[in-house]
1. Can you list residues from other chains, or at least 5 along the same chain, whose modelled amide H is less than 5 Å from the amide H of Val242?
2. What does the net charge come to around Ser58 if you take all other residues with beta carbon closer than 14 Å to its beta carbon, with K and R at +1 and D and E at -1?
3. In sequence order, what are the phi-derived ³J(HN,Hα) couplings for the range 58-68 according to the Karplus relation 6.51 cos²θ - 1.76 cosθ + 1.60 with θ = phi - 60°, rounded to whole Hz, with x for glycine and proline?
4. Subtract the Cα-Cα distance of Ala132 and Asp59 from 0.36 nm times their separation in residues, and report this length gain in nm to one decimal.
5. Compute the relative contact order of the range 122-186 as a whole-number percentage, counting only Cα pairs closer than 8 Å that sit 6 or more residues apart in sequence.
6. Extension gain His268-Asp140, at 0.36 nm per residue separation less the Cα-Cα distance, in nm?
7. Got a sec? How would His261, His149, His78 order by Cβ neighbour count within 10 Å, fewest to most?
8. Under the 0.36 nm per residue contour assumption, what length would be gained going from the current alpha-carbon distance of Ala151 and Ser89 to full extension?
Amino acid sequence: MMRRRGFTLIELLVVIAIIAILAAILFPVFAQAREKARQSTCTSNHKQMGMATMMYLSDYDQLWFPAWHDVPVAGNGHWFFKISPYIKSGTGSDWTTYRRDRNVEIRICPSGVSSAFNYSMNVHISPLRADAQGRYTLYDPDSEALFTHPAETIVYGDATQLEGWDWASSANFCPWPSQIICWDARWGDASNRRFPQGDEDPIWRILDRDVSRAACDPSQRDCSNLGYGQVRYRHQRFAVFVFADGHAKAMRRGAVKLPWHWSITAQHENDWAR
């Protein structure tokens, strides 16, 4: 009668080593697949925002709205409230309806670090003007006819989240993304706010992340706003955008051109004049 024997210690170690090797190979693949699925959901979100925006334009004589503006009455002038009437669920027309719920709100990225609005709008669309009280209540609505390359002009996209802002994103992207801070007393100083284009910009590389309070240097003025208005390539170095013709797609980091994809009328920064 043959006696059954168990595994030897060496055999068990070999099996465990093989499992560990397979896990090391497969876990990153599973993580990539999961993130790809989140990117697909984010793209779907952007497509719905694009369709909502096209419906808004159809109702308002093809006139665009700004990323935000000061509203002297109840409500809010942020862009996400403008398109809310054309979206079935989620946040309504003012802050009292603000929904931090990914299950009902399409303006929250599934890969965001927090359930807060984490998409921003191109600030070059319908730029703001200050009124006599210094409030940014005035803007001239840009006509759809002004867009010289609508299929390439970014409207909305993945944006950085700031812990100091309760992990929310700015309503608007910086005038040209890769600036450190979009507004403060230094804004008029070109040496403090202009940087080279693309991936070779060290500031751009630093800001492509969601900024925690720990990243803020108290010795710097307005450092709590560090990272405001930047693109966030959160989908394995891809970011999802809506374009002015309503379509949505993901673009790899480095493919977005400054200022071409942000300018609506020209390839340079002088398109502020209408």
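Nothing in this text is a laboratory measurement; each read-out follows from the coordinates by a stated rule. Predicted, not measured: the structure shown is a model, and the values here were computed from it. All Cβ positions, glycine included, derive from the backbone under ideal geometry; neighbour counts span all protein chains shown.
1. HN-HN under 5 Å from Val242: Val155, Tyr156, Gly157.
2. Once positives and negatives cancel, what remains is -3.
3. Rounded to whole hertz, the list is 5, 7, 10, 6, 6, 9, 7, 10, x, 4, 6.
4. Full extension from Ala132 to Asp59 adds 23.2 nm.
5. It rounds to 29 percent for the range 122-186.
6. Working: separation 128, 0.36 × 128 = 46.08 nm, distance 2.01 nm.
In short, 44.1 nm is gained.
7. Details: His261 19, His149 16, His78 22.
Ascending Cβ contact count within 10 Å gives the list His149, His261, His78.
8. The Ala151-Ser89 span can extend by a further 19.6 nm.
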